[in-house]
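**Q** I have a structure I would like to understand better, so I am pasting it below and will then ask my questions one at a time.
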């Protein structure tokens, strides 16, 4: 299956994407991740103001079968949460790259972006799976 | 997936259907095909086909078959007439459970089939052989494939597939928990009206050579649209019925009365292995009991999560939990201290450090009448 992997995003090895707009980073899960998860039935997200650390868990998504941790692609402060997912997480499956965004983080340091992948590298990672 | 994982006779069929394959108890099994929720709903509304060829089949026969089974299992085998079956337990000497099983009477006093969990098969066979009272006990697991046909339209499908030919079987005319031996094409089959979903239907034992042909015939039947169902939906379907799964609700240390399986134990009828210890565990009241519960606040319970009082004191543990596809809400099964086990009792599930309120409910969660 060919997944849409937007070129402008950064990617973590844990299958989160990060869209960077100056120091504001929007975070979501990739199409590959949603396909692996199956239908998401529950989302647990941090509250605004919460600090997150790169590669550390900041929430969970659950399908009928399993619980999966969400890992922050960058360190910083959560400034916005997609609360609509709490009531209806279906956009995580239907449109994970856009409507299904999870949180916006005010990033502490751009330097951490160097630890993330760009789309060609991420495509390669998922192709190997 | 380890290199030693076994393939069922239907492995190639699963690959053809695009299944996601996982290692389960040393078997390469389909966890889902098109999606767990769709598969779950198809079983509840139409009919689902499950590859359960990984399950173990142990044959107990000979003149000492009944004597041995009476000693090895908790239910009363003498009540089974030819063609009847019952759920039962293999207790250990410490009052825990080696496995939960189904016992099928093929010939009264002479020939019995015991169906056991795949993950426990070798352990069960060894245990049964070591504690045998003179029966001939044979591991036939490699001979048999097994397909479960489950759902409101299962009987219609079975009649379409099994009711013609030289030795027809009309499954719709069999009662619950029956077994009949017959043929599918030139293959030996045993059709048992048992299952693990709460739906009508049967489980068909068929020699491994014939298993793919039967699978294909069931899927191709034009009158009823059957679909292949993976292990993921098999688990959510059984959880909705509060059916025990070894390794979740029961294990080597479980007192079966705590697991609310007392109906499968017949201590007045006979002596059996571990009987004294099992009965002792019940004396003076059970300490904990298996209950079904629903969440009163947001969160999905999962196996291993602790059950607590509001002050944080631990009073139990979740054995199974999921988001029920039928009810579209979280459900859970847990052991809790007996004083918290009555319907309507409230307690808290520790979900990642947060205490989330829950309430004991009537089970099965989904009422199939």
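The values are calculated or read from the model by the stated rules, or taken from the named source; none is laboratory data. Computed from a predicted model, the values in this text were never measured in an experiment. Reconstructed Cβ throughout: ideal geometry from the backbone, glycine too, with neighbour counts over all protein chains shown.
**Q** So, in segment B:175-185, of the ones that are in contact (Cβ under 8 Å) with a residue 24 or more places away in the chain and over 20 Å from the mean Cα position of the chain (by Cα), which residue ends up surrounded by the fewest Cβ atoms within 10 Å (Cβ to Cβ)?
**A** The extreme case among them is B:185.
**Q** Scan segment B:27-54 for residues that are more than 14 Å from chain A (Cβ to nearest Cβ), within 24 Å of residue B:247 (Cα to Cα) and more than 18 Å from the chain's Cα centre (by Cα) and report the count.
**A** 1
**Q** Within segment B:318-364, take every residue that is touching a helix residue (DSSP H, G or I) at 6+ places or on another chain (Cβ under 6 Å) and assigned to a strand (DSSP E or B) and give me the one that is nearest to the other protein chains (Cβ to nearest Cβ).
**A** B:322
**Q** Would you check which residues across segment B:40-50 are in contact with a helix residue (DSSP H, G or I) (Cβ under 7 Å, 6 or more places away or on another chain) and either on the phi > 0 side of the Ramachandran plot or surrounded by fewer than 24 Cβ atoms within 10 Å (Cβ to Cβ) (or both) and list them?
**A** none
**Q** Just for strands (runs of 3 or more DSSP E) wholly inside segment A:15-129: which have at least 2 residues that are within 14 Å of chain B (Cβ to nearest Cβ) and surrounded by 15 or more Cβ atoms within 10 Å (Cβ to Cβ)?
**A** Numbers: elements: A:16-21, A:24-29, A:40-44, A:57-63, A:67-71, A:76-81, A:103-107.
Correct list: A:40-44, A:57-63, A:67-71.
**Q** May I ask you to verify whether residue B:254 is at positive phi and not assigned by TED's automatic domain parsing to the domain that holds residue B:338?
**A** Answer is no for this residue.
**Q** Report yes if some residue within segment B:267-284 is touching a strand residue (DSSP E or B) at 6+ places or on another chain (Cβ under 8 Å), assigned to a helix (DSSP H, G or I) and surrounded by fewer than 22 Cβ atoms within 10 Å (Cβ to Cβ); otherwise report no.
**A** yes
**Q** Residue by residue through segment B:162-187, note down the ones that are over 21 Å from residue B:237 (Cβ atoms), touching a strand residue (DSSP E or B) at 6+ places or on another chain (Cβ under 7 Å) and part of a helix (DSSP H, G or I).
**A** Correct list: B:162 only.
**Q** Then there is this: Can you tell which of B:326, B:260, B:342 is on the phi > 0 side of the Ramachandran plot, surrounded by fewer than 23 Cβ atoms within 10 Å (Cβ to Cβ) and modelled with pLDDT of 95 or more? First the steps, then the outcome.
**A** Numbers: B:326 fails: on the phi > 0 side of the Ramachandran plot; B:342 fails: on the phi > 0 side of the Ramachandran plot.
Answer to the selection: B:260.
**Q** Of the conditions (1) closer than 29 Å to residue B:96 by Cβ; (2) away from chain A (no Cβ under 14 Å); (3) assigned to a loop (DSSP other than H, G, I, E, B), residue B:291 clears all except one; give me its number.
**A** The single condition residue B:291 does not satisfy is (3).
Residues checked against (1) touching a strand residue (DSSP E or B) at 6+ places or on another chain (Cβ under 6 Å); (2) over 23 Å from residue B:209 (Cβ atoms); (3) outside any strand (DSSP E or B); (4) in contact (Cβ under 8 Å) with a residue 60 or more places away in the chain:
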{"position": "B:95", "(1), (2), (3), (4)": "no, yes, yes, yes"}
{"position": "B:101", "(1), (2), (3), (4)": "yes, yes, no, no"}
{"position": "B:105", "(1), (2), (3), (4)": "yes, yes, no, yes"}
{"position": "B:128", "(1), (2), (3), (4)": "yes, yes, yes, yes"}
{"position": "B:133", "(1), (2), (3), (4)": "no, yes, yes, yes"}
{"position": "B:149", "(1), (2), (3), (4)": "yes, no, no, yes"}
{"position": "B:160", "(1), (2), (3), (4)": "no, no, yes, yes"}
